[in-house]
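Heads up, the thing below is written out as structure tokens.
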Amino acid sequence: MQEFCIEELREKLFELQDLNYKKFSAKLLPTVAEEKIIGVRIPELSKLAKNFFQNHDAEIFFNDLPHKYFEENSIHVLLLSEMKNFYECLQGVKKFLPYLDNWGNCDSLIPKIFAKNTSELESEIKKWIASNETYTIRFGILMLMKFYLGENFDKKYLRWVSEIKSTEYYVEMMAAWFFAEGLIKQFDAAIIFLEKNLLSASVHRKTIQKAVESRRISAETKNYLKSLRRK
């Protein structure tokens, strides 16, 4: 196992640079300064992460925070998402969350091992959504959406998200996405939050908008959702 060298990794990232993709990414990531985006496509990042860290110590990379480039954070996310040990992964996620500064890295951080440890994860999620940090809250909602709207569902999770007070755009959009998914997977429980106006006006509006745009919701249901738009 070779000693990790950030300059070696960056050199390989710049070898994969696509300047057109850099410009495209910068438009999608308004919270990230363009000079912090190298411009490497996801398949190339995945391949690099897999090959590079077969021969280098990922632990040293995990401790090299904050990273300089968006793509370094993307690799960090890819490595965390593939970790096999739940407790090591959880500690890694908790250490990394304060450095999240964009929706792209946040929404890509979906550790597979979390799906098998939802009971242990629940208390951590409750802390994350109570945070004051935009992307920590967003990540917490994302985890609820990915792992708790199916067989692990409980109505309390809808209530947790409805009670988040943040007015940050990226929090509200994730909350709306969560409730739109709720309408698809747990309609009877989720629709009450719209019928009884239990969401903020902004999240209420965005939820209906996302649901109406979904191909997984029937035309009849979409018409009903439109009738619930606030005047």
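Observations, loosely collected:
- Any hit, region 205-216, residues being touching a Phe, Trp or Tyr at 6+ places or on another chain (Cβ under 7 Å) and within 19 Å of L149 (Cα to Cα): yes
- Where K47 falls short, out of the listed (1) in contact with a helix residue (DSSP H, G or I) (Cβ under 8 Å, 6 or more places away or on another chain); (2) closer than 28 Å to Y21 by Cα; (3) charged (D, E, K, R): (1)
- Enumeration of residues in region 94-121 that are free of Cβ contacts under 8 Å to residues at least 24 places away in the same chain and under 18 Å from M174 (Cβ atoms): none
- E11 vs. criteria part of a helix (DSSP H, G or I), open to solvent by less than 20 Å² (accessible area, probe 1.4 Å) and of a type outside the set (G, A, S): no
- Selection count where residues are more than 15 Å from L142 (Cβ to Cβ) and without any contact (Cβ under 8 Å) to a residue 40 or more places away in the chain, scope region 163-184: 5
- Residues that are assigned to a helix (DSSP H, G or I), farther than 23 Å from D188 by Cα and of a type in the set (D, E, K, R) within region 123-160 comprise E124, K126, K127, R138, listed in sequence order.
- The single condition from (1) among the small types (G, A, S); (2) open to solvent by 20 Å² or more (accessible area, probe 1.4 Å); (3) within 15 Å of the chain's Cα centre (by Cα) that G140 fails is (2).
- A Cβ distance below 7 Å, combined with a sequence gap of six or more or placement on separate chains, defines the contacts here; from region 65-81, residues that are open to solvent by 30 Å² or more (accessible area, probe 1.4 Å) reach residues that are among the aliphatic types (A, V, I, L, M) and modelled with pLDDT under 95 in the pairs L78/A49; L79/A49; L79/A58.
- Pairs with Cβ under 7 Å, 6+ apart, first in region 50-61 and within 13 Å of E8 (Cα to Cα), second assigned to a helix (DSSP H, G or I): F52/L9; F52/K12; F53/L79
- Any hit, region 16-25, residues being under 19 Å from Y99 (Cβ atoms), part of a helix (DSSP H, G or I) and open to solvent by less than 40 Å² (accessible area, probe 1.4 Å): yes
- Out of K84, K94, K126, sole residue that is among the basic types (K, R) and under 15 Å from the mean Cα position of the chain (by Cα): K94
- When restricted to residues that are of a type outside the set (S, T, N, Q) and either surrounded by fewer than 13 Cβ atoms within 10 Å (Cβ to Cβ) or under 21 Å from the mean Cα position of the chain (by Cα) (or both), region 51-60 contains 2.
The values are calculated or read from the model by the stated rules, or taken from the named source; none is laboratory data. The shown structure was predicted, so the numbers you read here are calculated from the model rather than taken from an experiment. No Cβ is skipped: glycine too gets one built from the backbone with ideal geometry, and neighbour counts run over all protein chains shown. Surface areas here come from the heavy atoms of the whole protein model, side chains and all, with no ligands, DNA or RNA. Shrake-Rupley method; radii C 1.70, N 1.55, O 1.52, S 1.80 Å.
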